[in-house]
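Written below as structure tokens is the structure these notes are about.
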Amino acid sequence: MPDIQSIISQMTLEEKAALCTGATSWTTTPVERLGVPELFVSDGPHGVRRVPSADEIATTSLPATCFPTASCLASTWDVDLLRRMGEALAEECIALKVDVLLGPGANMKRSPLGGRNFEYFSEDPYLAGEMAASLINGVQSQGVGTSLKHFAANNQEFQRFTISAEIDERTLREIYLPAFETAVKKAHPWTVMCAYNKLNGVYCSENYYLLVDILKKEWGFEGLVVSDWGAVHDRVKSLQGGLDWEMPGPQERRVKAVVAAVKAGTLDEAVLNESVRRILGVVFKAAQTHKGGVFDVDAHHELARQIAAEGMVLLKNNGLLPLKDHSHIAVIGRSAETAHFQGGGSSHINPTKVAMPFKELQVRAGSAELTYAEGYPKDNSLRPDLVQQAVDVARSADVALLYIALPSFKESEGYDRPDLDLTGQQIALIKAVAKVQPNTVVILNTGAPVARSAWIADVAAVLEAWMMGQAGGAAIADVLFGRVNPSGKLAETFPLKASDIPAHVNWPGGNGEVRYGEGIFIGYRYYDEKDMPVLFPFGYGLSYTSFAYSHARLSAATFKDVDGLTVSVDVTNTGKVAGKEVVQVYVHDQKSGLVRPHKELKGFAKVELQPGETKTLSISLDFRAFAYYHPAYRQWITEDGEFDILIGASAADIRASQTVTLQSTLDLPCLIDKESTIRQWMADRRGQAVLGPFYRQIEEYSRKIFGGGERYGDSIGMDVMDMIQDMPLLSVLKFQQRLLPLPAEEMLEGLLAQVHA
Ligand code: BGC
């Protein structure tokens, strides 16, 4: 590693400004005279979109493996697999001469309608954080960088370049930031990409609070912050806000603006130097990995197949699957012939090869006869003739496999989905086929949930195959024929209808802003709290075998928050075939100062079991598993008390529950002030010590004034103490003024002085 400080000291102002702006669509500006090479970045996130020329943005990229997209990846719940995928991505980056892969995306799925949800992991920050960290660790273990994106609160496509996500501090800290925080702290991505949108009125590209206070100072991020492509509005403000590198380039006016600002004294050169230092750090780190060579196309295709099969979620099965001895199989739907395995936009990969679902079925189906019908057109038109053809084919077969892909005009980067529905033609097709063929299996290629109340009762089985990557066609056949026992579980709730979605009344916003009015209650946190039925719950997925949970136990009955807790459970495969189970640990705080979700995922593990086999799983929970972010203290806090530890096969299928007592080791500052209510005084240790001795007297005086209790009768028909509890102490004292020796204000001041002493 060269001496970066010495290089900075030799750089001219113009060279520094130029380094902070891209030279091309994908590279930094090299400084040849000082031996500073260029850095080459490419999309991301589930494959390498390396365009042949750095000057072009969206020409057909060089062939690379298209792995499944993040919805599928998260549904594997398999951190080791994601790490392996990361390693493979890095090998391809090296072969394709890419220094930094632009991904993964760690934004929350606030609404299933988000157009880019297929590129994101989950509605749950814990799961998304673990997935992102593993993928990053895999890539970076090979000497290739990543770009954790889009930081932050880029949860919709509607007006994504300008809209302001209006989010309260607690919601930001508990829902929209933790996946990024986990990835930064556990995996140290070389770069973080800021989002296009504004956060609480300030562009993320110039948001000092987000980029400097939180990311760089609080979380200790040491890499560089790059803009999303075109996210910078004012280069000087963005440098001051912590945005190190603007992309894409070239942008001569920006470079000049930076130089002019330093000369005019409106931009401190130290700020520029800091960004230069961060960029050079990544440039030289990348240069240590020699680029070029080839990657193993077949091995990566096989890995993509394995990941796809692990991420597919079997949602319904009346026993038809796995397919056994069918002699005539109807294969219906265009996506059986033209695999729909990825989404549109910047993540679009030029695959090395594609496993066609129909052909892959043929390989697995042996001597069975396969008959194909197109089923639905490429566009949104209604084609009764295609439905009729499909019905004819289905009627004469033993089983019908319906391959249904949500078309890109309904799901892509750049626009949100207008509804949760398949196309009208697809719905009509499923219903018509199911009517003549009871053995109908629906295989869905979508990046997000679709509604299915109209037809799900009529079909025998449903497989959510996601945007499954280039090898997904083979993975579907693997699952349908039982070569792979499905083990994917949903990383997001499938709602019954669009109006059930937590963000519904605040989606997608307007007048330049979108209010995150549902707060911390997104995904299952909301449906739990509302006790609302869903189509399929978070964490849900079927298998060809069954699992029993037993002997759940905790490492302690009482523990200190800083020591954490270990949860153990025995899991047994009680069926006839080998399989994998995803065990989920949720935490429920029985009583807390601020409202908390009914339960929150804080740990999970995936385990493989042979028939009859039992294994013990141990999952550890740390301080953060029990803490919540308190906006008044501006920190994560724990509170003494009881917590339920819920061990489940999904958010709606809790198999065991244990209660544990937490002892908080925090010594929080006292927040009592002149507005604090009697209840707040008494809830605080110090407040109680000061006010406690007078409490009886306050009660006595209150009853004297308002009535109540045995002595003073029921003059105003209410329990006065219930009301008094939630009055500020000062107001109560004022009502009692004629009984007090001092003015109420003076008394309060005295008590406050004692409490803060
Ligand atoms: C996307 C990013 C992507 C970048 C470069 C942007 O439009 O939001 O995710 O990395 O383009 O293609």
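The values are calculated or read from the model by the stated rules, or taken from the named source; none is laboratory data. Since the structure is predicted, the reported quantities are computational estimates derived from the model, not experimental observations. Don't worry about glycine lacking a Cβ; one is built from the backbone with ideal geometry, like all the others, and counts go over all protein chains shown. Protein only, heavy atoms only, side chains kept; ligands, DNA and RNA dropped before computing areas. Shrake-Rupley method; radii C 1.70, N 1.55, O 1.52, S 1.80 Å.
For the range 233-362, give the percent of accessible area contributed by carbon and sulfur heavy atoms, probe 1.4 Å, rounded to a whole number. It would help to have the intermediate numbers written out before the result.
Working: 2680 of 5260 Å².
Answer for the range 233-362 is 51 percent, counting heavy atoms of protein chains only.
Could you give P(r) for the range 465-522, binned at 10 Å from zero, as whole percent values over all Cα-Cα pairs?
In order of increasing distance, the bins hold 18, 30, 21, 22, 9, 0 percent.
Got a number for the accessible area of Tyr208? Probe 1.4 Å, square angstrom, nearest 10.
Its accessible surface works out to 100 Å², give or take rounding.
Output needed for the range 53-175: three equivalent-ellipsoid semi-axes, defined as square roots of 5 times the C-alpha gyration tensor eigenvalues, in descending order, whole Å.
On the way: eigenvalues 132, 69, 32 Å².
The equivalent ellipsoid of the range 53-175 has semi-axes of 26, 19, 13 Å.
With point charges of +1 on the Cβ of Lys and Arg and -1 on the Cβ of Asp and Glu, referenced to the Cα centre of the range 1-84, which listed residue (Thr76, Cys66, Gln10) lies farthest in the positive direction of the dipole?
Thr76
Using the Cα centre as the reference, give the magnitude of the dipole from point charges on the C-beta atoms of the range 605-653 (Lys, Arg: +1; Asp, Glu: -1; all else neutral), rounded to the nearest 20 debye.
Values: 4 positive and 8 negative charges, 52 e Å.
Dipole of the range 605-653, to the nearest 20 debye: 260 debye.
On the full set of protein chains, 1.4 Å probe, figure out the accessible area of Ser543 and give it in Å² to the nearest 10.
Near enough 30 Å² of accessible area.
So, by mean Cβ neighbours within 10 angstrom, what's the order for 694-703, 429-438 with the highest one leading?
Working: 694-703: 15.8, 429-438: 21.0.
Final packing ranking: 429-438, 694-703.
Taking only complete DSSP H runs, can you tell me which helices of the chain stretch 27 Å or more along their own long axis by Cα positions and average at least -1.0 on the Kyte-Doolittle scale? It would help to have the intermediate numbers written out before the result.
Working: long enough: 685-706 (28 Å, -0.79).
Sorted by number, the helices that extend far enough and score high enough are 685-706.
From largest accessible area down, sort Lys198, Lys353; use a 1.4 Å probe on the protein chains. Show your work: numbers first, answer last.
Numbers: Lys198 45, Lys353 80 Å².
Largest accessible area first, the list is Lys353, Lys198.
Using the Kirkwood radius over Cα pairs, work out the Stokes-Einstein diffusion coefficient for the range 658-757 at 20 °C and 1.002 mPa s, in µm²/s as a whole number. All intermediate terms of the calculation are to be shown ahead of the outcome.
Numbers: Rh = 14.8 Å.
Roughly 145 µm²/s, to the nearest whole number.
Taking every pair of alpha-carbon atoms in the range 69-112, what share in percent sits in each 10 Å bin, from 0 to the bin with the longest distance?
P(r) for the range 69-112, in whole percents per bin: 22, 48, 25, 4.
Hey, could you pull the Cα Rg and Dmax for the range 504-594, both in Å?
Both quantities, over Cα of the range 504-594: 19.1, 58 Å.
Given Cβ point charges of +1 (Lys, Arg) and -1 (Asp, Glu) and nothing else, what value in debye, to the nearest 20, does the dipole of the chain about its Cα centre take?
Details: 73 positive and 92 negative charges, 97 e Å.
Charge dipole, the chain, about its Cα centre: 460 debye, nearest 20.
Would you calculate, for the chain, the mean residue ellipticity at 222 nm contributed by helices, counting each DSSP H stretch of 4 or more residues as -39,500 (n - 2.57) and dividing by all residues, to the nearest 500?
Details: 22 runs with 228 residues, N = 757.
Roughly -9000 deg cm²/dmol at 222 nm, from the helical runs in the chain.
With the Cα gyration tensor of the chain in hand, give its eigenvalues times 5 under a square root as the equivalent ellipsoid semi-axes, listed largest first in whole angstrom.
Working: eigenvalues 458, 290, 110 Å².
After scaling each eigenvalue by five and taking roots: 48, 38, 23 Å.
Sort the following peptides by mean Cβ neighbour count (other Cβ atoms within 10 Å, averaged over residues), highest first: 147-155, 710-718. Could you put the intermediate results ahead of the total?
Numbers: 147-155: 28.2, 710-718: 10.2.
Top to bottom by mean Cβ count within 10 Å: 147-155, 710-718.
Can you pull a Stokes-Einstein diffusion coefficient for the range 280-429 at 4 °C (1.567 mPa s), Rh from Kirkwood over Cα pairs, as a whole number of µm²/s?
Working: Rh = 18.4 Å.
Roughly 70 µm²/s, to the nearest whole number.
Could you give the nm distance between label points at Ser550 and Phe735, where each point is 7 Å from its Cα heading toward the beta carbon?
About 6.0 nm separates the two model spin labels.
Considering only the other residues whose Cβ falls under 15 Å of the Cβ of Gln306, what net charge follows from Lys and Arg at +1 and Asp and Glu at -1? Intermediate values should be presented prior to the final figure.
Details: positive: Arg83, Arg84, Arg305, Arg483, Lys580, Lys606; negative: Asp78, Asp80, Glu87, Asp296, Asp298, Glu302, Glu310, Glu360, Asp478, Glu608.
Value of the local net charge: -4.
Could you please state how large a percent of the accessible area of the range 1-58 is carbon and sulfur, counting protein chains only and using a 1.4 Å probe? Numbers along the way, then the final one.
On the way: 1160 of 2210 Å².
Roughly 52 percent, rounded to a whole number.
Any chance you could tell me what percent of the C-alpha pair distances in the range 144-187 go past 12 Å? Walk me through the numbers before you get to the answer.
On the way: 618 of 946 pairs.
The calculated P(r) of the range 144-187 puts 65 percent of pairs beyond 12 Å.
How much solvent-accessible surface does Ile724 expose, in Å² to the nearest 10, with a 1.4 Å probe and all protein chains in place?
Result for Ile724: roughly 0 Å² accessible.
So, for the chain, what is the accessible surface per residue at a probe of 1.4 Å, expressed in square angstrom?
Working: 28000 Å² over 757 residues.
Normalised by residue count, the accessible surface of the chain is 37 Å².
For q = 0.09, 0.12, 0.13, 0.21 Å⁻¹, what log10 I(q)/I(0) does the range 449-573 give under the Debye formula with an equal point scatterer on each alpha carbon and no solvent?
At q = 0.09, 0.12, 0.13, 0.21 Å⁻¹ the computed log10 ratios are -0.45, -0.75, -0.85, -1.22.
What Kirkwood Rh does the range 159-215 have if only Cα atoms enter the pairwise 1/r average? Answer in Å.
Details: mean 1/r = 0.0837 Å⁻¹.
With all distinct Cα pairs of the range 159-215 included, I get 11.9 Å.
Inverting the mean 1/r over all pairs of different Cα atoms, compute the Kirkwood radius of the range 317-394 and quote it in Å.
Numbers: mean 1/r = 0.0687 Å⁻¹.
After inverting the pairwise mean of 1/r, the radius is 14.6 Å.
Let's see if you can work this out: charge +1 on each Lys and Arg Cβ, -1 on each Asp and Glu Cβ, no other charges. What is the dipole magnitude of the range 7-147 about its Cα centre, in debye to the nearest 20?
On the way: 10 positive and 17 negative charges, 31 e Å.
Its charge dipole is roughly 140 debye.
Based on the Kirkwood radius over alpha-carbon pairs, what is the Stokes-Einstein translational diffusion coefficient of the range 20-116 at 37 °C with 0.692 mPa s viscosity, in µm²/s?
Working: Rh = 15.0 Å.
The estimated diffusion coefficient comes to 219 µm²/s.
Give or take rounding to whole Å, what are the principal axis extents of the alpha carbon atoms in the range 226-281, in descending order?
Sorted largest first, the three principal extents are 28, 25, 17 Å.
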